[in-house]
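Please read the structure below before turning to the comments.
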Amino acid sequence: QVQPVESGGGLVQAGGSLRLSCAASGSIFSGNTMGWYRQAPGQQRELVATITSRGYPNYSDSAKGRFTISRDNAKNTVYLQMNSLKPEDTGVYCCSARVAPFNYWGQGTQVTVSS
């Protein structure tokens with residue numbers, strides 16, 4: 001199983017929090033940048049956050065200050081802590097492993113934020 005596997009999505013009210021997890025095999029996790037992307041209905045997939053193998057994060061403008069990406073290299077897992085959720089955060093959140101020149105994608109986990 002090379003594909004990342006996401007978990008932790010669900011339905012939450014606006015202002016609430018969720019923590020997403022993404023487990024990947026060591027062959028695609030170790031030494032590589034991991035990322036979270038969101039695809040809302042009828043829209044293109046967009047970057048939420050990435051984290052390098054050394055733990056340096058990068059966030060989209062909409063995620064800055066509300067979301068935190070982290071990784072546990074011993075568990076081959078990357079997390080996305082989402083706080084102060086808004087209805088516009090709704091979408092399918094997919095995890096990716098960047099193994100140049102390829103990206104390995106998970107199936108995604110649905111996040112729905114109600115107003």
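The values are calculated or read from the model by the stated rules, or taken from the named source; none is laboratory data. In this text, all values refer to a predicted model and were calculated from it rather than measured experimentally. Here the Cβ positions follow ideal geometry from the backbone for every residue, glycine too, while neighbour counts run over all protein chains shown. These area figures cover heavy atoms from the full protein model, side chains too; ligands, DNA and RNA do not enter into them. Shrake-Rupley method; radii C 1.70, N 1.55, O 1.52, S 1.80 Å.
Ignoring ligands, DNA and RNA, what percent of the accessible area of the chain is carbon or sulfur (1.4 Å)? The nonpolar share, carbon plus sulfur, comes to 47 percent. Using a simple spin-label model with pseudo-atoms 7 Å out from Cα toward Cβ, L11 and S70 lie 2.9 nm apart. Select from the range 1-54 those trypsin sites (Lys or Arg not before Pro) which occupy a DSSP coil region and have at most 14 other Cβ atoms within 10 Å, ordered by residue number. Hits after loop and neighbour filter: R54. Dividing the mean sequence gap of close Cα pairs (under 8 Å, 6+ apart) by how many residues the chain holds gives a relative contact order of 37 percent. The S84 and Q3 beta-carbon pair, evaluated with R₀ = 25 Å, returns a calculated FRET efficiency of approximately 0.25.
Per residue, the accessible area of the chain comes to 53 Å² when a 1.4 Å probe rolls over the protein heavy atoms.
In this structure the amide hydrogen of K86, modeled in the peptide plane, comes within under 5 Å of the amide hydrogens of G15, none closer than 5 places in sequence on its chain. Note on S27 and Q44: the extension gain reaches 3.3 nm, defined as 0.36 nm multiplied by sequence separation minus the Cα-Cα distance. Isolated cysteines of the chain, defined as having no other cysteine beta carbon under 4.7 Å away, are C94.
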